[in-house]
Amino acid sequence: MFRHSLEALQRHLILISSLPSALALIGLMIWHGYSSYLVALVALFSLSVIGYSVLTARQALNYQLSTLTNLIDAITHDDFSLRGKRQLGDSALNELIDMINALAALMQKQRMNVRQQQYLVRKVLNNIDVAIIALNHEQEVAFLNDTAATLLDTSADALKGVPLNELSFSSLFQQTGDSVVEYQFAKSRGGSRLCWTAILRMAKGSNCCLSLM
């Protein structure tokens, strides 16, 4: 196991491979009596090349890692439109980039399929003559179709998020398991009150759906 970061390890390897040869060259020049100005010039040039190599390698590594980080961050935030660009040559990161791109494409396709299914289900629910009201785990109205909104003389947006205990027909949700009951709404049509048959469907956890027919 390496105790240093990847950047530090890369920097150490560059220094180990280049610094000894530069020092050996400077030592030989001094040994053979070259001019001190020439020795200083060679030393400055060697240090500049080594420093440039370390800086360039670090920037290239940081760019590749930041690209992968941005791709993964986009996926975690449900943005599957970004794709990583393969590196030139036989880069070790190409396989990882290909895997991330394939994962993003698969999740994008799955989300599209889910959205299409949700759209079809919503279209069906909003065009049937059955009033449907669904609650979430927090016992709040999560969905109601157009028929239910018309029955309750309200809009779907106005009733979403309303707690169960604030609904006038909250007693219908007190039934245990799947059950069929009759309930008379206060709203009248043509002078007579509406009497609907309520079917309560219990789902997993605290979810439930009320169908009025």
task = Would you check if R115 is modelled with pLDDT of 85 or more, within 19 Å of the chain's Cα centre (by Cα) and open to solvent by 100 Å² or more (accessible area, probe 1.4 Å)?
result = yes
remark   = Scanning the range 121-159 for residues that are charged (D, E, K, R) and loosely packed, with under 14 Cβ neighbours inside 10 Å, the one farthest from S170 (Cα to Cα) turns out to be K123
ask   = Does T67 satisfy the criteria of being out of contact with any Lys or Arg (no Cβ under 6 Å at 6 or more places or on another chain) and either surrounded by fewer than 13 Cβ atoms within 10 Å (Cβ to Cβ) or part of a loop (DSSP other than H, G, I, E, B) (or both)?
value = no
query = Among the residues of the range 12-30, is any modelled with pLDDT under 85, hydroxyl-bearing (S, T, Y) and not in a helix (DSSP H, G or I)?
reply = no
ask   = Out of curiosity, is L25 surrounded by 11 or more Cβ atoms within 10 Å (Cβ to Cβ) and either polar (S, T, N, Q) or within 32 Å of the chain's Cα centre (by Cα) (or both)?
value = no
Failed item in (1) among the small types (G, A, S); (2) within 27 Å of N101 (Cα to Cα); (3) open to solvent by less than 60 Å² (accessible area, probe 1.4 Å), with S81 passing the rest = (3)
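The values are calculated or read from the model by the stated rules, or taken from the named source; none is laboratory data. Computed from a prediction, not measured in an experiment: that's the story for all the values here. Glycine gets a Cβ as well: all are built from the backbone with ideal geometry, and neighbour counts include every protein chain shown. Just the protein is used for accessible areas: all its heavy atoms, side chains included, with ligands, DNA and RNA removed. Shrake-Rupley method; radii C 1.70, N 1.55, O 1.52, S 1.80 Å.
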